Amino acid sequence: MSQLTTHVLDTSAGIPAPGIAVTLFVLQEKEWLQLAAGITNSDGRVNNLWEEGSSLPHGLYKLHFDTQEYFERNFTASFFPFVEIAFYINSHAHYHVPLLLSPFAYSTYRGS
């Protein structure tokens, strides 16, 4: 399993959110540099944002979720065209960063 995983749940529909583009960035010298990208699968998960067995260096990262296309595909008006979640990686542990999403709200937490 990758050191970093994520998944998106559409809490308004009570289902996983497939087809959402997710991009991983790291902050280096005051600039966000793209490291990886993926798309949520039918279970709303991106399990391979980073190479399996390889650790991310300690630092400040963010995940960018392109939520607008998802809601447009589902004919749903939404307030957020994208969601960005910034977080620190400061160990070689597994990091799971889920997104609980609805058209007018979202939340997240550090999962396991």
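Taking the Cβ of T108 as the center, what net charge do the other residues with Cβ under 13 Å away carry, scoring Lys and Arg +1 and Asp and Glu -1? All intermediate terms of the calculation are to be shown ahead of the outcome.
Details: positive: K62, R110; negative: E84.
Residues near T108 contribute +1 overall.
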- Message: For a Förster distance of 25 Å, can you work out the FRET efficiency between the beta-carbons of F75 and S107, rounded to the nearest 0.05?
- Response: 0.60
- Roughly how large, in nm² to one decimal, is the mean projection of the convex hull of the alpha-carbon atoms in the chain? 6.7 nm²
- Note on the structure: Between the alpha carbon centres of the stretch 1-15 and the stretch 19-95 the gap in Å comes to 11 Å
- Query: Of the peptides 41-47, 19-25, how do they stack up when ordered by the mean number of other Cβ atoms within 10 Å, highest first?
  - Reply: 19-25, 41-47
- Each residue of the stretch 3-14 in turn: what ³J(HN,Hα) in whole Hz from Karplus with 6.51, -1.76, 1.60 and θ = phi - 60°, glycine and Pro shown as x? 5, 10, 10, 8, 8, 10, 10, 7, 6, 6, 9, x
- Query: Using modelled amide H (1.01 Å from N, peptide plane; none on Pro or chain starts), what sits under 5 Å from the amide H of Y95, excluding residues fewer than 5 places away?
  - Reply: L4, T5
- List the residues whose amide H sits under 5 Å from the amide H of T11, counting only those 5 or more places along or on another chain, with H placed 1.01 Å from N in the peptide plane. L101, S102
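Hey, what number do you get for the chain at 222 nm if only DSSP H runs of n ≥ 4 count, each worth -39500 (n - 2.57), divided across all residues, to the nearest 500?
Values: 1 runs with 7 residues, N = 112.
One gets -1500 deg cm²/dmol as the mean residue ellipticity at 222 nm.
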- Exposed GluC sites (Glu not before Pro) absent: longest stretch of the chain, with sites in DSSP loops and at most 16 other Cβ within 10 Å deemed exposed: 53-112
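No lab work stands behind these numbers, since they all come straight from the coordinates. Keep in mind the model is a prediction, meaning the values are calculated, not measured. Every residue, glycine as well, gets a Cβ built from its backbone with ideal geometry; the counts of neighbours run over all protein chains shown.
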